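Shown next, in structure tokens, is the structure this report addresses.
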Amino acid sequence: MRRLYGLLVVVSLLSLLAFGGAAAQEEKVLVVGLSEDYNGLDVHRAYEPGGSLIHKAVYDTLVTFPTDSVSEILPNLAESWTISDDGLVYTFTLRDDVVFSNGDPLTAEDVVFSFNRMKNLKDNPAFLADGIASVEAPDERTVVLTLAAPDPAILAKLVFDAFSVVNAEVVRAQGGTDAENASEVDTAELWFNDNSAGTGPYMVDFYEPTVQTVLVRNPNYWGEAPYFDRIIIRNMPEAATQKLALEAGDIHIAMDITADQLPSLEGNPNISVFSTQSDTLIFLLMNQNPEIGGPVSDPKVQLAVRYALDYEGLKLLGGAGTNTPAAMVPLGFAGALDASEALPRDLDKARSLLAEAGYPDGFTVDLRYPDFTYIGTQFSLVAQKVQADLAEVGITVNLVPEELQVSLEAYRGGQHGFGLWLWNPDYYDTLDYVEFLPGGVVGKRANWTDENADATILELRDKVKVETDPEVRNQLFREIQLYEQQSGPFAPLFQPGVHFAYSAALKGFNYNGQWRVDLSLLSF
Amino acid sequence: MSLSAYFLRRLLLAVPLVIGISLVSFIIANLVPSDPMAANLGERAAADPEIVAAFRAKWGLDEPFFVQYFTYLRNLLSGDMGTSIRTRRPVADELLRYMPATVELATAGIIVALIVGVPLGVISAVWRNRPIDFVARIISLIGVSAPVFWLALVALLLLYLRLRILPGPGRLDAVIPPPPTVTGLYTIDALIAGQWRTLGNALAHLILPAVVLGAYSAGLITRITRSAMLDVLSMEYITTARSKGLRERTVILRHGLRNALLPVVTVIGLSYGNLLTGAVLTETIFSWGGIGRFAYDSARSLDFPSIMGVSMLIALVFVLTNLIVDMLYYILDPRIRL
């Protein structure tokens, strides 16, 4: 036994020596702590926000956003573009100085291959390409994108990382294909986990699932060379661990900080904190189908619920940075109503609306929701708050927490009568919120269809879907949101805050909703 | 019966056991009132009937339950554990990728538990009801009852962040690349490759999670050792040994501990099985990419092939640890051979 103890002491001493004596690295390394939400790095299957962080550093898209907002479309691989008068044909001219990480020049063929592969893989992001009728390359530097119907959001969609351009020749050699049956015959998916074929400032070195993703500088990068030689994205599923590792200096950015961790970070001079409202919209769904929704399918009851909610109190549940949108378009999107235009809490009005609807003494209803925590927002707490708020106007809410997957299935199937849910934008254009209108993805979940919706909203919806003039669009979105405040099966609750903490020595930290942080612009 | 025949018979018995477990896991996984489609397809893809149909066909989810099961079993017998729905990699590869991290952690954990538990148990039995016994019992109580989550965070806060004597989460520092894979255990692989710095770093990274993971087993082993020692020390042969004038040290270790070890071995075996399969919290907090975390992620996305793979692996782990415990019994206690 004594020998064993001796061994332990020696081993610990050895290990302390090794730990303490970490040699100074000449290589400039950035270490990011991230709760890994992706299972692979095939960019044409990209869907998760964590993956965007990596794809942004490795690949480029035809057009892009500014580094700190999603407010305008900027050139990227395409130096310019024209749009036909009917809004159907987009002609892009590519830059002539772009090369892939292996030195091959970028051609229009690569763009055609990439877009078609993404569409034909029929994976999670493929819906973004639904409106694309064809992509052609009349010459080496020209890409012609033809739409089936005008889509005012197409340029914003093209910024999404799944539209990244890869080196067609390299990916083909690995079994990749853009053929129509790509979903069955493409075999390049796993190759992307330890390789890349992009034009971005970094290349994928290797991906060790659930452990780390390592990027190295692209020696052939056509733009300005990034500061860091190597970027290591370490999977740290637990926010508390990320915070500890940041405080200890082992990571430089913690991507999943929660609101309750902020106070203890504030006094630390070595750490900077960035908080903003997220683009996640948390809302109540009230089913339009009386058989499923019961009393909450009544438009007067729906309005009463919107008046009965204590928005100021709900906001506290999302933590710092939380805001309340005025309707179903989150703050930050073009055309969103100002927060000051939100419906106020008015209990008398809510009570009289309930009386008008035939429920002077209220009613009892089940509130179904996924029992989980999303970016720091605990759904069970939000549900309790809704329960308490509605109790004040006589509505008795029974809380029905459900396991996420089970709940999700019922919600997607339109089976939730009264539900508490969230929506993240698929792409950064206000048009994504047409999904909350009749016949939209979320609208259908509330059984709000062309048949049971009134003509006003259907007409607004159809107009906004094809309108390209920004002024007119904003006006249409405004009318839609004012309509949503008065009728319709949803009540907006809040947009929770989103928080990042990083080493105060790090320069160039900027956030936008699409890729969150452009790692290639960071330096010490 | 000879040892090898005994071993072989036990191993053969494991086959029907594992098949039975596969059936039960398959039934349970299928009984969950949820759909892998919802868990693995994005919002929009799940709304597209064509994509949903293709998904079901690809993963065989459109087949009746028993057809799915027998397909699985047939593939399994030919050595194919299927492909993970979530990661799209072969399940066997995934298990091989994640198991070594967990084996390394659990082994370190059980070593910690042994180094702490057995001496503490012996000490507290020998000096029964003295202050040192009291202290040992408090330690074992804390070990058994402190939540892993709490213990892990406190340990990290104190030893990693404040005192800076141990490294933080992960199996290695970010700047140290993993050693070339032979066994997948970083310590062993670093040793094989002769990378001493990597070895030191891997060992240092092991200490905190191993202590946290081993704490419960340490407490348990302390208690079992203490009570087993107390039983043994009251036996007549101990009195005999003492009256022969043997040194107290010899009496306690050679005559006492050796006989008290039998129940302890059982607990160690079971604990090791538990550590190998139940480390999900420790793995999460310490960002340790092991099988526990893989099982958790697979379960959350209803990744049937992975869930099945993990279940079979866990079954095998318990069959094997039990087998090893029985073999140790065989060696430790000659009476069993009769």
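Worth pointing out:
- Some residue of segment A:34-47 being out of contact with any His (no Cβ under 9 Å at 6 or more places or on another chain), more than 10 Å from chain B (Cβ to nearest Cβ), modelled with pLDDT of 95 or more and crowded, with 17+ Cβ neighbours inside 10 Å: yes
- Hey, residue A:117 touching a residue at least 40 places away in the same chain (Cβ under 8 Å) and buried (at least 24 other Cβ atoms within 10 Å of the Cβ) or not: yes
Residues are listed down the side, and each one gets a yes or a no for (1) charged (D, E, K, R); (2) within 14 Å of chain A (Cβ to nearest Cβ); (3) surrounded by 15 or more Cβ atoms within 10 Å (Cβ to Cβ):
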| position | (1), (2), (3) |
| --- | --- |
| B:9 | yes, no, no |
| B:13 | no, no, no |
| B:21 | no, no, yes |
| B:24 | no, no, no |
| B:31 | no, yes, no |
| B:38 | no, yes, yes |
| B:42 | no, yes, yes |
| B:49 | no, yes, no |
| B:52 | no, yes, yes |
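- Residue list for segment B:159-200, restricted to those being open to solvent by less than 20 Å² (accessible area, probe 1.4 Å), in contact with a Gly (Cβ under 9 Å, 6 or more places away or on another chain) and aliphatic (A, V, I, L, M): B:161, B:190
- Segment B:110-146: number of residues that are within 14 Å of chain A (Cβ to nearest Cβ) and modelled with pLDDT of 90 or more: 14
- Single match in A:180, A:224, A:184 (criterion: within 14 Å of chain B (Cβ to nearest Cβ), assigned to a loop (DSSP other than H, G, I, E, B) and either surrounded by fewer than 22 Cβ atoms within 10 Å (Cβ to Cβ) or out of contact with any helix residue (DSSP H, G or I) (no Cβ under 8 Å at 6 or more places or on another chain) (or both)): A:180
- Some residue of segment A:158-169 being in contact with a Leu (Cβ under 9 Å, 6 or more places away or on another chain), open to solvent by less than 30 Å² (accessible area, probe 1.4 Å) and of a type in the set (Ser, Thr, Tyr): no
- Number of the exception - residue A:353 against (1) in contact with a Leu (Cβ under 6 Å, 6 or more places away or on another chain); (2) closer than 29 Å to residue A:279 by Cα; (3) of a type in the set (A, V, I, L, M, F, W, C): (2)
Yes/no per residue for (1) without any contact (Cβ under 8 Å) to a residue 60 or more places away in the chain; (2) open to solvent by 40 Å² or more (accessible area, probe 1.4 Å):
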position	(1), (2)
A:92	yes, no
A:103	no, no
A:110	yes, no
A:122	no, yes
A:125	no, no
A:132	yes, no
A:140	yes, yes
A:144	yes, no
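- For segment B:174-189, filtered to residues that are more than 22 Å from the chain's Cα centre (by Cα) and of a type outside the set (Val, Ile, Thr), the residue that is nearest to the other protein chains (Cβ to nearest Cβ) is B:174.
- A search for C-beta distances below 9 Å between a residue of segment B:157-171 that is more than 7 Å from every other protein chain (Cβ to nearest Cβ) and outside any helix (DSSP H, G or I) and any residue that is open to solvent by less than 30 Å² (accessible area, probe 1.4 Å) and of a type in the set (D, E, K, R), counting only pairs 6+ apart in sequence or on different chains, returns B:171/B:104.
- Condition check for residue A:432: over 23 Å from residue A:256 (Cβ atoms), under 22 Å from the mean Cα position of the chain (by Cα) and modelled with pLDDT under 95: yes
- Pairs linking a residue in segment A:390-405 that is among the hydroxyl-bearing types (Ser, Thr, Tyr) to a residue that is open to solvent by 70 Å² or more (accessible area, probe 1.4 Å), with Cβ atoms under 8 Å and 6 or more positions apart or on different chains, are A:396/A:364.
- Figure legend. Inter-residue proximity from segment B:82-102: first residues under 13 Å from residue B:291 (Cβ atoms) and facing another protein chain (nearest Cβ under 10 Å), second residues open to solvent by 20 Å² or more (accessible area, probe 1.4 Å) and not in a helix (DSSP H, G or I), beta-carbon distance below 7 Å, spacing 6+ or different chains. Indicated pairs: B:101/B:171.
- Of the residues making up segment B:100-118, those that are touching a Phe, Trp or Tyr at 6+ places or on another chain (Cβ under 9 Å) and either crowded, with 24+ Cβ neighbours inside 10 Å or not polar (S, T, N, Q) (or both) are B:100, B:101, B:102, B:104, B:105, B:106, B:109, B:110, B:113, B:115.
The values are calculated or read from the model by the stated rules, or taken from the named source; none is laboratory data. If you're wondering where the values come from, they're calculated on a predicted model, not measured in any experiment. Methodologically, a virtual Cβ is constructed for each residue, glycine included, from the backbone with ideal geometry; neighbour enumeration extends over all protein chains shown. For the accessible areas, the whole protein counts, side chains as well, though only heavy atoms, and no ligand, DNA or RNA atoms are used. Shrake-Rupley method; radii C 1.70, N 1.55, O 1.52, S 1.80 Å.
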